[in-house]
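Each remark here refers to the structure printed beneath this line.
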Amino acid sequence: MLTPAEYIRANYKQAAQSSEVGIQRVRGLQFAARQDWYDDATGYYVDTFIIHYATATGAESDYLSMVKYDTKSYGAQGSYTVPGMAQSKVFVRAKLDSFGNSASLGLALVGNDVLRLYMLNPASPDHTTMASLLRSRCHTEGDR
């Protein structure tokens with residue numbers, strides 16, 4: 001588990017951290033959880049945040065803010081909503097990185113939680129795996 005301050009340090013550039021403290025306080029950020037893993041067999045790397053707010057309104061504010069920011073950062077071309085998940089958005093970098101990896105960023109809003117999944121995988125974007133990861137995390141969060 002991450003405190004709000006730990007989450008902000010892990011997820012925001014240093015120049016933005018002080019203003020983000022106030023923004024997240026107003027939204028009601030309570031805690032976050034982070035898990036990342038790398039699969040040697042497939043070359044996939046996934047970094048996941050589950051960000052929990054006191055209210056669904058606070059979570060929605062953060063989700064919408066991330067969608068707006070990431071649309072500028074990644075570009076809207078190639079982005080999509082996961083079928084069956086109205087409040088989700090996946091962004092895909094059009095160009096492979098210097099190691100030949102595709103980068104995808106998935107966001108979803110589930111009640112008082114925002115899910116943020118970053119995935120690197122060899123060659124082309126893997127929409128099926130990203131959608132599956134978001135769905136499985138949303139199912140897990142909905143069962144809490």
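The values are calculated or read from the model by the stated rules, or taken from the named source; none is laboratory data. Fair warning: this is a prediction, and the values are worked out from it, not measured in the lab. We place every Cβ from the backbone using ideal geometry, glycine too, and count neighbours over all the protein chains shown. Note: areas computed on protein heavy atoms with side chains; ligands, DNA, RNA excluded. Shrake-Rupley method; radii C 1.70, N 1.55, O 1.52, S 1.80 Å.
Table for the structure above
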read-out: Subset of the range 61-117 (residues that are of a type in the set (Gly, Ala, Ser) and under 17 Å from ILE50 (Cβ atoms)); value: SER61, SER65, SER88, GLY106, ALA108, GLY111
read-out: Residue in the range 62-85 that is among the small types (Gly, Ala, Ser), buried (at least 19 other Cβ atoms within 10 Å of the Cβ) and under 20 Å from SER136 (Cβ atoms) present; value: no
read-out: Subset of the range 76-87 that is hydroxyl-bearing (Ser, Thr, Tyr) and farther than 19 Å from SER61 by Cα - its residue that is modelled with the lowest pLDDT; value: SER79
read-out: Every pair of residues 6+ apart whose Cβ atoms lie under 7 Å, when the first sits in the range 93-107 and is at positive phi while the second is outside any strand (DSSP E or B) and surrounded by fewer than 20 Cβ atoms within 10 Å (Cβ to Cβ); value: GLY100/ALA123
read-out: Any chance VAL90 is over 11 Å from the mean Cα position of the chain (by Cα), open to solvent by less than 50 Å² (accessible area, probe 1.4 Å) and modelled with pLDDT of 90 or more; value: no
read-out: In the range 45-61, the residues that are more than 21 Å from MET1 (Cα to Cα) and loosely packed, with under 13 Cβ neighbours inside 10 Å; value: THR57
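Okay, residues lined up against (1) in contact (Cβ under 8 Å) with a residue 40 or more places away in the chain; (2) in contact with a helix residue (DSSP H, G or I) (Cβ under 9 Å, 6 or more places away or on another chain); (3) polar (S, T, N, Q); (4) closer than 21 Å to ARG135 by Cα:
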| residue | (1), (2), (3), (4) |
| --- | --- |
| LEU2 | no, yes, no, no |
| ARG9 | no, yes, no, no |
| ALA16 | no, yes, no, no |
| ALA41 | no, no, no, no |
| LEU64 | no, no, no, yes |
